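Everything on this sheet refers to the single structure shown next.
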Amino acid sequence: MAPRNKKSIKVCRNCHHVVDGESCVTCGSSNLSDDWGGYLYIVDPKNSDIAKKMNIDMPGRYALKVR
Ligand SMILES: [Zn+2]
């Protein structure tokens, strides 16, 4: 029994949101990747330069890079 690691966490290729199921709750996409890096937690997208740069308008967990 291997412990669940980071590789089992999937992110949306469309909006980089960390996904807890089979599809993205933010944009509805099921185009997911488990090959990603750079964990990002956006609390206040309106006051975050990174959020603006990545076109994030909802608070939540995101990945910086998705391959
Ligand atoms: Zn998405």
Mind checking the full-extension length gain between Arg61 and Asp20? Use 0.36 nm per residue of separation minus the Cα-Cα distance, one decimal, nm.
13.7 nm
Taking the alpha-carbon distance from Lys10 and a cut-off under 20 Å, which lysines remain once sequence neighbours fewer than 8 residues away in the same chain are dropped?
Lys65
Given the options Asp57, Asp49, Asp34, which has the most mean-square fluctuation in a GNM of the chain, springs set between C-alpha atoms less than 10 angstrom apart?
Asp49
Treat every Asp and Glu Cβ in segment 10-66 as -1 and every Lys and Arg Cβ as +1, leave all other atoms uncharged, and give the resulting dipole magnitude about the Cα centre to the nearest 20 debye.
180 debye
Under 14 Å from the Cα of Lys52, which aspartates and glutamates turn up, not counting those fewer than eight places away in the same chain?
Asp44
Considering the convex hull of the alpha carbon atoms of the chain, report its projected area averaged over all viewing directions, in nm², one decimal.
4.6 nm²
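FYI, it's all coordinate maths here, none of it is from the lab. Small disclaimer: the values here were computed from a predicted structure and weren't measured. A quick note on method: Cβ atoms are made from the backbone with ideal geometry, for glycine too, and the neighbour counts reach across all protein chains shown.
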